[in-house]
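Report on one structure; see the data block that follows.
Where a number appears in this text, it was derived from the coordinates with a stated rule and is not lab data. These numbers come from a predicted model, not from an experiment. Neighbour counts are summed over all protein chains in view; Cβ atoms, including those assigned to glycine, are modelled from backbone coordinates with ideal geometry.
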Amino acid sequence: MRESTIALLNSLRFRADAKRKVCLIPLGSIYWEDEMPDLLDLVKLDADEQNAIWRLFGIRFKIWDGERLSADDAEFWEAARSEVSDWALFRRVTLSADDREARAKAESDVEREFAALFGSADQVELTDKGHGLQEFSATFDLTKNAGGQP
């Protein structure tokens, strides 16, 4: 990670009173407000740096699920933790029963929202970007029910 990203993430310190929130895109799950960079700061980062942040959230999801991390993910997690050890994300690697329930509900709600949003799409494409990141696109033919009218 670049120095600017390291400084940004280290500024996001753990607060016990931080509110749990839901992020539809790109996380599709829960997070806490003290873990997420301000949108204006986030968009100043290039795509690789943003994806590094999303990857760390994704690795934490694996940890929450009790999954064994790949060597690459484990190495990335440890390297990031050594550089941004003050980031609040690293303080929440286990979930309470209430957090698990909220996560399950959030992820179920996100699935329903995506199904409603893309259920009538004529084509949906998912592209694996590596490290748990996916890109999606949807195509809607707005002329198909217009009786052949342009």
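Structural remarks
- Pair Asp46, Asn145: separation of 7 Å Cα→Cβ label points (nm): 4.4 nm
- Full-extension gain in nm, Arg13 to Arg91, via 0.36 nm per residue minus C-alpha separation: 27.2 nm
- Counting every pair of alpha carbons in segment 3-119, the share spaced more than 19 Å apart comes to 48 percent.
- Net length available on complete extension from Ala104 to Ala138 is 9.7 nm, with 0.36 nm assigned per residue and the Cα-Cα distance removed.
- Alpha-carbon Debye profile of segment 81-146, log10 I(q)/I(0) at 0.24, 0.28, 0.29 Å⁻¹: -1.07, -1.12, -1.14
- Compactness relative to 2.2 N^0.38 Å, alpha carbon Rg of segment 1-67: 1.11
- Candidates per trypsin sites (Lys or Arg not before Pro) in segment 36-119, loop by DSSP, up to 10 other Cβ within 10 Å: Arg68
- Test item: Cα-centred dipole of the chain, Lys/Arg +1 and Asp/Glu -1 on Cβ, debye: 400 debye
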